[in-house]
């Protein structure tokens with residue numbers, strides 16, 4: 001049945017996610033080499049909007065909000081929303097529509113704005129002048 | 001009752017969902033009595049879906065693959081997610097379903113490319129470890 005398939009897929013994804021969170025808590029992506037580098041950064045030398053997000057989550061898991069913010073402020077801002085989206089998705093899949101948490105529904109304008117923010121953020125963190133150069137991963141720690 | 005589109009709790013007599021704007025009534029609401037001027041009725045936002053059906057926009061997964069798979073394929077997924085919600089609000093169910101399919105496709109492309117990078121990196125790490133071991137002896 002499709003329903004059980006969806007649940008199994010979801011359970012598998014959340015299992016992989018849990019392993020990832022444990023790995024991120026134990027190993028620091030800044031010093032450990034078990035995490036792959038960002039392909040965009042590795043191939044082009046430019047920071048993508050997600051660069052520093054693993055380091056940020058590692059720091060958040062250790063309670064260092066300030067260092068996490070310096071690594072990737074956008075990830076720190078978006079993480080509560082992404083977490084809610086995933087949790088509500090899982091609760092709805094398990095308990096059925098209407099019995100779980102309300103589904104995250106953003107008006108189309110907000111999603112387009114979010115998309116623009118992500119793209120502009122990705123460009124801004126590569127620019128070499130103050131203050132946007134503070135958005136590069138770890139740049140705020142050097143000031 | 002609960003909104004079939006977004007799952008938000010809504011009052012039983014609500015005409016549209018407060019969260020997503022979907023029309024909650026199968027029949028259009030009765031016209032107001034004794035209106036002095038006949039105003040062209042505005043089209044009600046949202047589309048009629050069968051109970052329990054939703055059109056997923058995959059927005060969370062699109063953002064996740066954009067940030068963590070770090071790939072330009074995540075951006076079209078977000079754009080299609082915006083189209084899903086925009087077309088739902090405009091009442092275009094078929095268009096929303098098509099955009100939903102496209103959003104899912106781009107999410108999977110982005111995820112696949114991201115996973116490929118992780119797997120290749122895993123092989124490189126393994127090769128590096130094996131080389132290190134063989135050079136020690």
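Read the figures in this text as sums done on the coordinates, not as results from a lab. Just so it is clear, the model here is predicted, and its values are computed rather than measured. Here the Cβ positions follow ideal geometry from the backbone for every residue, glycine too, while neighbour counts run over all protein chains shown.
Order of A:54-60, A:72-78 by packing, highest average Cβ count within 10 Å first?
Ranked from most to least packed, the peptides come out as A:54-60, A:72-78.
For a distance above 17 Å, tell me the whole-number percent of Cα pairs in region B:59-136 that qualify.
On the way: 1632 of 3003 pairs.
Counting every Cα pair in region B:59-136, those more than 17 Å apart make up 54 percent.
Can you sort A:35, A:81, B:123 by how many other beta carbons sit within 10 Å, fewest first?
B:123, A:81, A:35
What does a probe at residue B:125 reach in region A:22-65, counting residues whose amide N is under 16 Å from the point 7 Å along Cα→Cβ?
It comes to A:22-39, A:54-55, A:58, nothing else.
For residue A:84 and residue A:28, what is the calculated FRET efficiency with R₀ set at 22 Å and r taken between the beta-carbons, to the nearest 0.05?
E between residue A:84 and residue A:28, to the nearest 0.05, is 0.25.
May I ask for the angle, rounded to the nearest 10°, between helix A:73-95 and the longest principal axis of chain A, with both axes built from Cα atoms and the value confined to 0 to 90°?
Between helix and principal axis, roughly 10 degrees.
Does region A:1-45 come out rounded, prolate or oblate by the C-alpha gyration tensor, with a ≥ b ≥ c the root eigenvalues, rounded set by a/c under 1.5 and, if not, prolate when a/b is larger than b/c and oblate if not?
Oblate shape, in that a/c is at least 1.5 and b/c is the bigger or equal ratio.
What is region B:85-130 by shape, rounded, prolate or oblate, if you read a ≥ b ≥ c off the alpha carbon gyration tensor as root eigenvalues and call it rounded for a/c under 1.5, prolate for a/b larger than b/c, and oblate otherwise?
Prolate.
Using Cβ counts within 10 Å as a stand-in for footprinting exposure, how do B:10, B:66, B:54, B:131 rank, fewest first?
Taking fewest neighbouring Cβ atoms as first place, the list is B:131, B:54, B:10, B:66.
Sort region A:102-143 into rounded, prolate or oblate with this rule: let a ≥ b ≥ c be the square roots of the eigenvalues of the Cα gyration tensor; rounded if a/c is under 1.5, and if a/c is not under 1.5, prolate when a/b is larger than b/c, oblate otherwise.
prolate
Running Debye on region A:2-142 with equal point scatterers at the Cα sites and no solvent, what base-10 log of I(q)/I(0) appears at q = 0.09, 0.16, 0.17, 0.19 Å⁻¹?
Debye output, listed in q order: -0.35, -1.00, -1.09, -1.22.
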